[in-house]
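Down below is the structure, laid out as structure tokens.
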Amino acid sequence: AWRRGSAGIAGGGVAAERRPATGLAADPELRLAVFALAAAVVWLWTPGALAAPGGLAGVGAGLVALSGALVTAVSFLTTTGYGSADWGAALAWSGLAPGSAGPLLAGLATLGGGVATTAGGVKLYRAYALYRHGIAELSRLPHPNLVDSARTMGGTIRRNAVVNAWIATMLYLAALGAATLALGAAGLPLDGALVAAAAALANCGPLLPEALGTAWADLPRPALAFAATTMILGRVELVAAVALLNPGWWGR
């Protein structure tokens, strides 16, 4: 990931020039998105592949299931939220009942979305910044004097970026918990309340019918009111919403 420059010997030391790699392969959001998609597709596709019958029929069914799992995973990771026409075949291939993959789709929608997108979840770069910071902190445990920071292929993640990512993630989790409690009090079961809250915060409305088979219009009126409020918070961004409530920013 780092290119070593011309080495010079001065006083017994070796000087090395470090230059961050560039290109799509060094983009942290793209790398994390590829990893998340691969993990989701492998989790869905592997059980059926292990129990699939031999022959061309098994291979054809496996390819259809693989296509449905990949397209659906990409759709929810980008918070588009529309399942593939072969999503049912992917669930049947993996042995899952319809609606049982709701936590997986909700996790992809929560993680998905880039920095400049309208997604209201954690977003890919924040998750990557927290991951790299965690790796750096683990490296300091056996080496307390280590001064290295969270490095990526594209450079070093600054401390303020990690702090901002942590604050945004904690605000998201607090809002998710509050929305889940409110929707549960409005009459939804725990799994439905959690999926509805994740769908509303991530601006991924199709998540609810795709994951649970329940349309938004079928929810009780109090639940719709709480969900609409949560959608507004997710669309505005939680950090911006908190800043709007701070009187210190009103005069700026």
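The values are calculated or read from the model by the stated rules, or taken from the named source; none is laboratory data. Computed from a prediction, not measured in an experiment: that's the story for all the values here. Backbone-built Cβ (ideal geometry, glycine too); neighbour counts: all protein chains shown. The area values use the complete protein model at the heavy-atom level, side chains included, leaving out ligands, DNA and RNA. Shrake-Rupley method; radii C 1.70, N 1.55, O 1.52, S 1.80 Å.
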Report task. Would you rank GLU29, GLU210 by solvent-accessible area, highest first, keeping every protein chain in place and using a 1.4 Å probe? Result -> GLU210, GLU29
**Report entry** Contour excess over end-to-end distance, with Cα ends at VAL59 and ASP218 and 0.36 nm allotted per residue
**Finding:** 53.3 nm
Query raised in the report: Using a Förster distance of 51 Å, how high is the FRET efficiency between LEU190 and HIS143, based on the Cβ-Cβ distance and rounded to 0.05?
Result: 0.75
Query raised in the report: What accessible area, in Å² to the nearest ten, does a 1.4 Å probe give for TRP166?
Result: 140
Report task. Mind checking the full-extension length gain between ALA174 and ARG159? Use 0.36 nm per residue of separation minus the Cα-Cα distance, one decimal, nm. Result -> 3.1 nm
Query - Accessible-area ranking of PHE226, PHE76, largest first, probe 1.4 Å - result: PHE226, PHE76
**Report entry** Ranking by accessible area, most exposed first, for VAL122, VAL34 with a 1.4 Å probe
**Finding:** VAL34, VAL122
Query raised in the report: Roughly how many Å² is the accessible area per residue of segment 183-252, as a whole number, for a 1.4 Å probe?
Result: 54
Requested in this report: Can you tell me the FRET efficiency between ALA85 and TRP166 if r is taken as the Cβ-Cβ distance and R0 is 25 Å, rounded to the nearest 0.05?
Outcome: 0.05
Requested in this report: Determine which residues of segment 89-115 fall in the zone a paramagnetic label at ALA51 would reach in this model, i.e. backbone nitrogen under 11 Å from the point 7 Å along Cα→Cβ.
Outcome: 92-97
Query raised in the report: Which value, in Å² and to the nearest 10, is the accessible area of ILE232 when all protein chains are kept and the probe is 1.4 Å?
Result: 110
Report task. With a Förster radius of 25 Å, plug the Cβ-Cβ distance of ALA225 and THR118 into 1/(1 + (r/R0)^6) and report the FRET value to the nearest 0.05. Result -> 0.65
